[in-house]
Amino acid sequence: MTEPEMWEAVQRSDASYDGLFFYAVKTTGIFCRPSCKSKPPKRENLCYFASGEEARAAGFRPCKRCRSDLLEYQPMREIAAEIKARLDKASSLDDVGLTPRRMTDVFKQEYGVTPKEYADSLRLRTAKEMLAGSPEKVIDVAYRAGFSSLAAFNRFFKQQTGQTPTAYRKEHQVL
Ligand SMILES: [Zn+2]
């Protein structure tokens, strides 16, 4: 995370950054979570820490207002896990409560891939398993793997594997 991004989050008291970093105020010796409503002073007086422990180690005390000492859990980590669980079940991400961009950042920070890349890998796995291990028609495999058309599925599959679904099936079918 860059300083401008963290500074932005602090100014907006953006709770979706809580747990991702803490900011400390050099002039007061206090550290806060990004959502703290105490308005931060000048930008040059802030410094940033990845954890409350690090802020303490550097000599800062937790803020009584936002209780930065209580933030031992990592809400963003939980949100990332929630996003993953939903992708696993192919359910909607609409009410996760983050913008798509934040969702991508949070997810990538935790799992190293974007939600889309992760969802794609799930769809590809499903498709491969069905092509190799089931007698279902390719069009049915496409629908079961979450594609709305055979063309979209063919395009996706070829892009991911370099093969068409039919060629993949010929090579891997175990029936
Ligand atoms: Zn605070």
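Values in this text are rule-based calculations from the coordinates and carry no lab data. Source: prediction; values computed, not measured. Neighbour counts run over all protein chains shown; Cβ positions are idealised from the backbone, glycine included.
Points to keep in mind about this one:
- Here r is the Cβ-Cβ distance between Cys47 and Asp14 and R0 is 22 Å; the resulting FRET efficiency, rounded to 0.05, is 0.75.
- Trypsin sites (Lys or Arg not before Pro) within the stretch 103-160, DSSP loop, no more than 14 other Cβ atoms inside 10 Å: Lys137
- Counting every other Cβ atom within 10 Å of each residue's Cβ, Phe31, Phe147, Phe60 order from fewest to most as Phe147, Phe60, Phe31.
- Of the Cα atoms belonging to the chain, the radius of gyration and Dmax stand at 22.7, 71 Å.
- Dipole of the chain computed with +1 at Lys/Arg Cβ and -1 at Asp/Glu Cβ about the Cα centre; of Ala58, Thr2, Ile139, farthest Cα towards the positive end is Thr2.
- Only lysines eight or more places from Lys128 in sequence, or on another chain, were considered; those with a Cα closer than 17 Å are Lys137, Lys158, Lys170.
- The charge dipole of the chain, taken about the Cα centre with unit charges on the Cβ atoms of Lys, Arg (+1) and Asp, Glu (-1), comes to about 220 debye, rounded to the nearest 20.
- Note on Lys26: aspartates and glutamates with a C-alpha under 20 Å away, same-chain residues under 8 apart excluded, are Glu3, Glu5, Glu8, Asp18, Glu44, Glu53, Glu54, Asp69.
- Dipole of the chain, positive end: most advanced residue of Phe157, Met103, Leu46 [Cβ charges, Cα centre]: Leu46
- Exposure proxy ranking, count of Cβ atoms within 10 Å, fewest first, for Cys47, Cys63: Cys47, Cys63
- When cysteine pairs in the chain are screened for C-beta atoms closer than 4.7 angstrom, the residues that find no partner are Cys47.
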